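Everything below concerns the one structure shown next.
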Amino acid sequence: MEQTWTIKKLLDWMVERFSQEEIDSPRLTAEMLLSFVLQMQRIELYTHFDQVVKKAQLDKLHHLIKRCLQNEPVQYLTGRCEFYSLSFKVTPDCLIPRPETELLVEQVIEFLRSRDGTQYICDLCTGCGCVAIAVAKNFANAKIIATDICDKALSIAAANIEKYNLSEKIKLLQGNLFEPLIGQLDVKEFDLICCNPPYISRAEYEKLDAKVRNYEPKLALDGGSDGLDIYRRIAIEAGTHLKKGAAVMLEIGYLQGEQVKKLLEETDYFGAVKIDKDFSNNDRIITATRV
Ligand SMILES: C[S@@+](CC[C@H](N)C(=O)[O-])C[C@H]1O[C@@H](n2cnc3c(N)ncnc32)[C@H](O)[C@@H]1O
């Protein structure tokens, strides 16, 4: 006789299997896959424990579990990622937003709230648009230009902007770092430039977890030989795009604080440079104020 699989039985089985195979966050991963296949919210799994899962859904789940066990990130399997309490479309053309980057959003919003009037923001290296969108959703007076070199990442950002109805507030431009801003007439100087750039050094890249290295775009991770390529360019170029009293706010690798601080201090543009730590007490966000 064929086995009957209820939601509870499936969840228990998946959690055990994922734990054995050392998949990250086994329960969360199981819930994400099952709720995706059943087109339910995660919480609904728990209110429908005894629901029997149909054969077609089991087949789909089986295929996803196999890919998950080969280390394919669950966010790419479901095409979704939670960030700053919002749900973003993601594909292998963009980085999966990380919880550490929520701190960048928090600090950006705090800075913007300390100022008056419409705030013009530039989000460099926007990827799926998570930083720009989270800021726009939480700060009413934001006008944002978000740029990325990768067309495919920008089309994901465009879908996310459309989903959250933010096309009046966020404009996407394709190009190499500051380059697309040059022909741009609406805003000449920004109140804030923020960026979570690729910052992994070549040596670190080779040692990255297979889950990251084999699936996430190298363009979103590789920061050049020492990981600092984009910071060098930002330190040199950001000053000319900022108003006086404006700020540049960057996510950094946990060992890069002092080096990036030095890069910013070496220019004539910035006064105070501060480094903030993340929830693991690692250096994570650097802020420099334009003098
Ligand atoms: C670390 S990801 C950040 C994505 C998103 N902002 C986030 O926090 O999840 C870096 C992004 O920078 C983009 N990128 C890499 N080099 C770039 C360059 N020279 N100019 C503009 N964007 C670049 C990549 O395409 C990628 O989307």
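Go through region 129-230 and name the GluC sites (Glu not before Pro) that are in a DSSP coil and have 11 or fewer other Cβ atoms within 10 Å of their Cβ.
In loop regions of region 129-230 (DSSP not H, G, I, E or B), the sparsely surrounded GluC sites (Glu not before Pro) are Glu168.
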**OP:** Pop out the ³J(HN,Hα) list for region 225-231 in order, Karplus 6.51 cos²θ - 1.76 cosθ + 1.60 with θ = phi - 60°, rounded to Hz; leave Gly and Pro as x.
**Re:** 4, 10, x, 9, 3, 6, 4
**OP:** Treating the angle as unsigned and between 0 and 90°, give the value, to the nearest 10°, between the Cα long axis of helix 7-20 and the longest Cα principal axis of the chain.
**Re:** 60 degrees
Original post:
What does a probe at Trp13 reach in region 48-80, counting residues whose amide N is under 18 Å from the point 7 Å along Cα→Cβ?
Top reply: 48-70
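With 29 Å as the cut-off, how large is the P(r) tail for the chain, expressed as percent of Cα-Cα pairs?
Numbers: 16516 of 42195 pairs.
The share of Cα pairs beyond 29 Å in the chain comes to 39 percent.
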Original post:
Taking amide hydrogens as modeled 1.01 Å from N in the peptide plane, which residues meet the under 5 Å criterion relative to Ile145, leaving out close sequence neighbours?
Top reply: Ile121, Cys122, Asp123, Lys171
**OP:** Report the residue, chosen from Ile252, Ile144, Ile230, that carries the largest GNM mean-square fluctuation when the chain is represented by alpha-carbon nodes joined by springs under 10 Å.
**Re:** Ile230
**OP:** Using only the alpha-carbon atoms of region 7-70, report the extent along each of the three principal axes, biggest first, to the nearest angstrom.
**Re:** 27, 21, 17
Original post:
Considering only protein heavy atoms, what is the solvent-accessible area of Arg67 at a probe of 1.4 Å, reported in Å² to the nearest 10?
Top reply: 70 Å²
Original post:
Which whole-Hz ³J(HN,Hα) couplings does region 63-68 yield from phi under the Karplus relation 6.51 cos²θ - 1.76 cosθ + 1.60, θ = phi - 60°, glycine and proline marked x?
Top reply: 4, 5, 4, 4, 5, 5
**OP:** Pull up all non-local amide H partners of Leu177: gap of 5 or more, or a different chain, and H-to-H distance under 5 Å with H placed in the peptide plane.
**Re:** Ile149
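Could you please report the charge total around Asp278, scoring K, R as +1 and D, E as -1 over all other residues with beta-carbon less than 11 angstrom from its beta-carbon?
On the way: positive: Arg98, Lys277, Arg284; negative: Glu100, Glu102, Glu106, Glu251, Asp276, Asp283.
Local net charge: -3.
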Subject >> Gaussian network model of the chain, Cα within-10 Å springs - most flexible of Lys262, Lys152, Lys218 >> reply: Lys262
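On a 1.4 Å probe surface of the protein chains, which of Glu22, Glu102 comes out largest in accessible area, and what is the full order?
Largest accessible area first, the residues go Glu22, Glu102.
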**OP:** Mind ranking His63, His48, His241 by accessible surface for me, highest first, 1.4 Å probe?
**Re:** His63, His48, His241
**OP:** Under a 10 Å cutoff between Cα atoms, tell me which one of Met14, Met32, Met40 has the largest fluctuation in the Gaussian network model of the chain.
**Re:** Met40
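The values are calculated or read from the model by the stated rules, or taken from the named source; none is laboratory data. The shown structure was predicted, so the numbers you read here are calculated from the model rather than taken from an experiment. Cβ: placed from backbone, ideal geometry, glycine included. Neighbour counts: every protein chain shown. Heavy atoms of the whole protein, side chains included, go into the accessibility calculation; ligands, DNA and RNA do not. Shrake-Rupley method; radii C 1.70, N 1.55, O 1.52, S 1.80 Å.
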